[in-house]
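The values are calculated or read from the model by the stated rules, or taken from the named source; none is laboratory data. Please read all numbers here as calculations on a predicted model, not as lab measurements. Ideal geometry is used to build each Cβ from the backbone, glycine not excepted, and the neighbour counts take in all protein chains shown. We work out accessible area using only protein heavy atoms, side chains counted, and drop any ligands, DNA or RNA first. Shrake-Rupley method; radii C 1.70, N 1.55, O 1.52, S 1.80 Å.
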Amino acid sequence: MSGARRAAAGALLAFACCAAQALPSTFNPVIGSALLCRSQLDNAYFHSYLTTAFGKAKKHEAGAFWFKGDATLWGKPVLELMVSDDTDPTVFIAAVIDSTPDELAEAIRAATGLRHTAVDASQYPLRVSKPGSVIAYHQGKSKIYCARYKPLPPGR
């Protein structure tokens, strides 16, 4: 094999190794359950999980690490995922979904049986589930999140 071919083969192998990896098979149940408030929220765990799935956070602002990647939840494209840092009294996980809130609420109900009910009759009502997940209108799309206050440190 010539030097040029060897170099090209090495570059191709390096590119293949560093190309975007497939999402973990656990993405839908792990992240979906967290967004629906059906699992324990631990921002360090979710930060690590999302870093493994998507690479380094695209930004860190407004009390959250922001991730982008190719993913779907409940059959809808995920545009961004956020997980809280430690600057807020709550721990949260959130996602911006390319879907209207009504469409997302119906997709979640069809996939999981969980209902999100509008809290009022306004033009853009929040939709809340019994476990506490919230779907909000976000610039023509949906933001779904689960937030909990952090537990008190041991001994308090």
Most positive-pole-ward Cα, Ala105, Tyr45, Ala94, against dipole of the chain from beta carbon charges: Tyr45
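Top to bottom by accessible area (1.4 Å), largest first, where do Val30, Val78 land?
Descending accessible area places them as Val30, Val78.
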Probe 1.4 Å, accessible area per residue of segment 29-83, Å²: 48
Label of the coordinate-derived value, Cα extents along the principal axes in Å, listed as (1) 71, 44, 26; (2) 62, 28, 26; (3) 61, 39, 24: (1)
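Please report, as a whole percent, how much of the solvent-accessible surface of the chain comes from carbon and sulfur atoms (probe radius 1.4 Å).
Carbon with sulfur: 56 percent of the solvent-accessible area.
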Pair Thr90, Asn28: separation of 7 Å Cα→Cβ label points (nm): 2.8
Listed residues Lys59, Lys68, Lys143, most fluctuating in the chain (Gaussian network, C-alpha, under 10 Å): Lys59
Under 25 Å from Lys68, Cα to Cα: lysines that are on another chain or at least 8 residues apart: Lys56, Lys58, Lys59, Lys76, Lys141, Lys143
Extension gain, Ala111 back to Lys150 (0.36 nm per residue minus Cα-Cα distance, nm): 11.1 nm
Relative contact order (%) - criterion: Cα under 8 Å, at least six apart; region: the chain: 19
Probe 1.4 Å - accessible area at Arg127, Å² to nearest ten: 30
Structure-based [θ]222 nm, the chain - -39500 (n - 2.57) summed over DSSP H runs of at least 4, per residue, nearest 500: -10000 deg cm²/dmol
